[in-house]
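One structure is given here, and the rest of the page talks about it.
Just so it is clear, none of the values below were taken in a lab; they were calculated from the coordinates. Just so it is clear, the structure is predicted and the values come from calculations on it, not from any experiment. We place every Cβ from the backbone using ideal geometry, glycine too, and count neighbours over all the protein chains shown.
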Amino acid sequence: MRLSVLLVTLCCALLLLLAAPVQASQPVSPRSAEAAAEVENVEVEDAEASDAATAKFCQVKRLRDHMDLLNAPIRSHRDLARHLRLARDEGSPLFALSNEARRRFLASLSFNENGLTGYRYDDLERELTATQAYLILALFGSQSDVARFPKLREKTSLDRELKATSKLQCSNGDWVDFQCVARATCRAITRYICKATC
Amino acid sequence: MTHRLAILFVLPALLLAACATPQGAPGLLDRVEQLRTDRPEQAGTMAAFLDRTMARLCGADCNRPALTDARLLDLAAAAAAVNAYHPGLRIEAHERVFAALLARGLAGPLEVRELHRTYIAARRWEDARRLVGRFPELALEPIPATIDPGPDPGGHPAVWRVSQVEDAIHREPLDLSRGRVLIVISHPGCGPSRRALAALREPALRDRLPARTYFVVPPLGSIDIPRLRHWNAEFPTQEHRFADREGDWPFGHRIWDLPTFVLLEEGVHRATLRGWPGKEQGERLKALLEAEQGETGQGEVGRGVAGAQ
């Protein structure tokens, strides 16, 4: 079931990628208005792409990342607590982590009104396949981060495909080996990622 | 009698073995993380910990049979972390552990990349370049063809400028002892930095920046030349240069948060602002620049941003 959801998501992403020209985002809710503002703030990075096709890819990917963030099931500690309560009965991708690793990962999560702002990633790399990490990060709308973690395990062709996306990285303002220590403040701390939303 | 012997010898041995495994005790990398204090003595504490650990585990040679593969990998990660937090602090320790990993065939891409980052952060360009050549299959971050160390910084902090026309970087000293200087610690790849940089391009702040405003990238394990080159071409008034050595910067140990603003007057540290929570931080910076200007009587409003000293 989860695998099919993941495949559908990937197909949608691919369709988005192929759809050109890309329309400017039209806010449909206050949340998406925030996302649009964030997109404006980081638009300069597209120009780093070496060619037009990559620039287009990055533009679409960034938009998709923002939509992922807006639609994330967990956008706050309150959402997280609710998810963990329900997880006992309904299950959760978080259970792919060992107890200790899950404790560390959950303790490392930070949020603000935009959703997830940072987390510790080393346990994901140590214990999970790319698909398992994708499913966990999708809870927070950060599934595209799997491309940043080269040590994630590969057991299936899906794992390999997810990791292969790392070859086409687009800068979205996330900063690896920094932690979001305060509002819009990233500090050099290994094993953390400071999200652009910090 | 047999049972007593078992209790006396076997159980303590089992307990010791359990504690000695990485699973039974905090890993060495975890210990390094626990030493983060956000205080000036952090570097000394980390160095002392690594020295003690190396002496205990390695002695003269880290490739000792008593040192398990897992422990050796953990030691490599700890050495990498110490050198990431304080570039250049214990390069030799990292090199020794890496040599042992190589001897055992344990040096994977991650371990090679971490040593590469240690060299880059410490500005050991030739060592980093050698590593790139030795492991071509890993596509490590390339080192510019030309490294121009420039004149002796003479005790001043130095930065590296990225050439726009050739594959080169040039070191130059920053004389912070004269006049009013604003150091903006930032990185074009960091989201909060980019929000701050966008705000600094708005007239309300842009026109109040001191003529000597420098955009400095912290001493990281990656120099990210293509990104800096692109940014500098796009925004020449926000030309980013990367810091040479961490220890050369005189105003505090915790200036490398992204973004950070450090205001100096006649070499004296006046104020530090960290982060870019939003417009209110812009107002704080604006007030700071105006107040300092009033105190010093140096009319710098409207002089814009200097691209070079």
Exercise. If each of B:Q42 and A:L109 carries a label point 7 Å out from its Cα toward its Cβ, how far apart are those two points in nm?
Worked result: 2.6 nm
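Which value, in debye to the nearest 20, describes the size of the charge dipole of the range A:97-186 about its Cα centre when Lys and Arg Cβ atoms bear +1, Asp and Glu Cβ atoms bear -1, and nothing else is charged?
On the way: 13 positive and 12 negative charges, 26 e Å.
Its charge dipole is roughly 120 debye.
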Seminar exercise, completed: Assertion target for A:S144, B:S222, ordered by fewest C-beta neighbours within 10 angstrom first, is B:S222, A:S144
Exercise. Hey, got the dipole for the range B:42-111? About the Cα centre, +1 on K and R Cβ, -1 on D and E Cβ, debye to the nearest 20?
Worked result: 160 debye
Exercise. Among the lysines, which fall within straight-line cross-link reach of A:K155, defined as a Cα-Cα distance under 23 Å, with same-chain neighbours fewer than 8 residues apart omitted?
Worked result: A:K163, A:K167
Seminar exercise, completed: Between the residues B:G179, B:G275, B:P250, the Cα farthest towards the positive end of the dipole of the range B:148-296, that dipole coming from +1 and -1 charges on the beta-carbon of Lys, Arg, Asp and Glu, is from B:G275
Exercise. Taking R0 as 51 Å, what's the FRET efficiency between A:T156 and B:L205 from their Cβ-Cβ distance, rounded to 0.05?
Worked result: 0.50
Seminar exercise, completed: Taking A:R88, A:R183, B:R64, B:R129 and counting other beta carbon atoms within 10 angstrom, the fewest-first order is A:R88, B:R64, A:R183, B:R129
Exercise. If you place +1 on the Cβ of every Lys and Arg, -1 on the Cβ of every Asp and Glu, and leave all else neutral, what size is the dipole of the range B:148-296 about its Cα centre, to the nearest 20 Debye?
Worked result: 460 debye
Exercise. Which of B:H187, B:H86 comes first, and how do the rest follow, when ranked by fewest Cβ neighbours within 10 Å?
Worked result: B:H86, B:H187
Exercise. With r defined as the distance between the Cβ atoms of B:D152 and A:D79 and R0 fixed at 45 Å, what FRET efficiency is calculated, to the nearest 0.05?
Worked result: 0.20
